[in-house]
Amino acid sequence: MIKAELLIAMGVSTCETAQAEQRSQACDVHQVLHRGIGDAAAGGIGDKIRSESDTESIENNNNNNDSGGGKTATPSSGSSAGSTRPGTPEVVASGGLPSLINNNNNNSSSSGLIEAFYADAVILVTGATGFLGKALLEKLLRSCSRLSTIFVLIRPKRGKSMEQRFAELLENPVFDRVRADQPGCLGKLSPVLGDVGMPELGLSLEDRTMLMQRCNIVFHSAATVRFDEPIKAAVNLNTRGTDRVVDLCKGMTNLLCLVHVSTAYSNADLRDIQEMVYSTKVKPQTMMEMCENLDDETLAILEKKLIGKHPNTYTLTKGLAEQVVLAKGVGLPAVAIVRPSIVCAAYQEPYPGWIDNVCGITGILMEIGRGTIRSIVCQPQCVVDIVPVDYVVDTLICTAWHIANYRPQRFISSVNDNSSTLRVYNCTSGSFNPVKWGEVGEMTKKYAIESPSKYVMWYPHVTYRSSRFFHKIAVGVLHFLPAFFIDMVLRLRGGKPKMVRITKRTLRAVRTGEFFAINEWYFHTENVRELIKSVKGSIVDGGKSRFNVDLSQLDWEAYVQRYVLGIRKYVLKDTPETIARAKSKLLKLYWLRRVMQTITLYLLVKFIVKISGR
């Protein structure tokens, strides 16, 4: 039986600079060339899960009314990861899932058991200032507003203090809905000075003690997502940083669960990815010790060998981090690894198309829409495994509830360990609702033409090429020649040439993603399918779920349209009022493209005739 449902039945109550620079550059070039041309649950698990001693009964919990805030899990000293905590009835599994309690005295609201699970919870989130982290905070505040506190780990950065960065976070437009509907909820966010790249997370003794005493749920999403990050930095942030977070969790006396955010490509050297942790030739501890003891020059020499068949240091170090969670997470009440694939703009929440960076595929789609990317090395028939950020956030929130309440009798989590309570969730779209690179490209072009940006540089058109040789020719003709021409115009007008530099940077970003555009993976999703069933079954009294984890119904056509409009609105900061003028400009660019094609065809035919006449 599930602890949360039992208690309910008894009535117990984380790229800004790159983005701004790209907008500025787009605006400058445009001026030169084209002048004139979610309500929270009302009751449930926590009017508080707490106990004053190991032997205190659930009935006593029901009458307890501690004002300190936060749930309290009964300590389980010396217990293994698979043990049941005292005071928690044993799960009766049926087909791998326990039976929910049907009780007329259920005190949960119609919105469901998941919101009730978070009532009075004290949560720690790392990586909260990142794209995914911000979306996670917003959803928790808006849909689980009965939670007690969310501690966000923030480090000073680029000359800004922790307090300054936290103030900027609170002012972010992502929280506009929360500000309008539940303004008091923003007061539940509390900053903690810390850094996953520092020993003991850079926490003060006071803050560390406070977190260990108060936190119930931990979401660890902090990581460097740069593909070209030097291996020393990547290991320190992604692998050692995870090691430090798990160490902190092991000292938490009231912890219910830890959710570690990984990536579906943590085992990119494989093609068939099951929901388990894979081992590597070089073990995490060995890698961490090497990076901490060897100098940068030596590591640079060894980097290629250490990476092996991985495409970059990011996927390698995330895979190593998973092994750390598996090995060191033994003894924690419940642990999950969530592996999203390519996290992209929001489908619906907090706003359709919401995106706040130009990293990865977002930058590529933006430049396709602006007409500045004309050729890409890609297999158009390959599945592109992208997941909207709101689906990832909902999966994270629901996973914490799922692992805390649903205890598998036996679960394979590692190729070397066939019994563990750690669960891996492959949060991917390809197994449910596949879409291909070629389809995404065509839809992007369609909606970029339908709703063009004033920053459009050329008529949108992109060709996918499997041959690197022909791609290089196309890049020279279609990318660098126009860039040189634009820079020449800029010089003549007394401006600073920049298009060649922008083109180089854009192509460099595209190259880092080539590995994912010419390969395809199959991700097993048994645990995610089980999660979907559990979430659908969590609704009570005919309510409607606030959480969507089922990608099978996602409309890709509608999603790409929202994505293109989201890039236009949130990245390029373009307003709807400019569409008419942008369409007029696009029409001129269309005819200019046709003229250029005609001239090129004429010159080609003339050249062929001249050659054949010799």
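The values are calculated or read from the model by the stated rules, or taken from the named source; none is laboratory data. Bear in mind that the values here come from a model prediction, so they are computed numbers and not experimental data. Cβ coordinates were reconstructed from backbone atoms using ideal geometry, including for glycine residues, and neighbour counts include every protein chain displayed. To get the accessible areas, we keep the full protein, side chains included, count just its heavy atoms, and leave off ligands, DNA and RNA. Shrake-Rupley method; radii C 1.70, N 1.55, O 1.52, S 1.80 Å.
Of note:
- Near I273: Cβ cut-off under 13 Å, other residues only, Lys/Arg at +1 and Asp/Glu at -1. The net charge is -4.
- Each residue of the stretch 504-518 was assigned a 3J(HN,Hα) from its phi angle through the Karplus curve 6.51 cos²θ - 1.76 cosθ + 1.60 (θ = phi - 60°); the sequence is 4, 5, 4, 5, 5, 5, 5, 4, 5, x, 4, 4, 7, 8, 10 Hz, with glycine and proline shown as x.
- Between the beta carbons of K305 and L170, assuming R0 = 45 Å, the FRET efficiency works out to 0.50 to the nearest 0.05.
- Coarse-grained scattering of the stretch 314-358 at q = 0.15, 0.20, 0.29, 0.31 Å⁻¹, given as base-10 log I(q)/I(0) from a Debye sum over alpha-carbon atoms: -0.62, -0.77, -1.03, -1.12
- Dimensions in Å of the stretch 204-262 - Rg and Dmax from alpha carbons: 13.0, 38
- Annotation for the stretch 516-555: trypsin sites (Lys or Arg not before Pro) lying in DSSP loop with at most 12 further Cβ atoms inside 10 Å of their Cβ are K544.
- The shape of the stretch 422-479 comes out oblate: with a ≥ b ≥ c from the C-alpha gyration tensor, a/c is at least 1.5 while a/b does not beat b/c.
- Per-atom-type breakdown for the stretch 495-614 gives carbon and sulfur 61% of the accessible area (1.4 Å probe, protein chains only).
- Sum of side-chain charges, V259 neighbourhood, beta-carbon under 12 Å (Lys, Arg +1; Asp, Glu -1): +2
- On the basis of the beta-carbon distance and an R0 of 35 Å, S204 and S279 show a calculated FRET efficiency of 0.45.
- Whole-percent carbon and sulfur share, accessible surface of the stretch 171-282, 1.4 Å: 54 percent
- Residue ranking by accessible heavy-atom surface, 1.4 Å probe, largest first, among W437, W458 comes out as W458, W437.
- Solvent-accessible surface (1.4 angstrom probe) belonging to F470, in square angstrom, nearest 10: 120 Å²
- Taking all protein chains together, L587, L205 sort by accessible area into L205, L587, largest first [probe 1.4 Å].
- Heavy atoms of L365: accessible area, 1.4 Å probe, square angstrom to 10: 20 Å²
- Once the C-beta distance of T598 and T575 is scaled by a Förster radius of 41 Å, the resulting FRET efficiency is 0.70 to the nearest 0.05.
- Inter-label distance, K472 to D295: 3.5 nm, where each label sits 7 Å from its Cα along the C-beta direction.
- The slack in the chain from T253 to R493, taken as 0.36 nm per residue of separation less the alpha-carbon distance, amounts to 79.7 nm.
- Measuring between their Cα centroids, the stretch 167-246 and the stretch 478-540 lie 26 Å from each other.
- Amide proton proximity set for S375, modelled H, under 5 Å, gap of 5+: T463
- Checking the cross-link pairs K454/K569; K157/K328; K472/K504; K504/K585; K157/K498; K134/K569 against a 20 Å limit on the alpha carbon distance flags K157/K328; K504/K585; K157/K498 as lying beyond it.
- Only protein atoms count toward the accessible area here, which uses a 1.4 Å probe; on the stretch 291-370, the carbon and sulfur part of that area reaches 57 percent.
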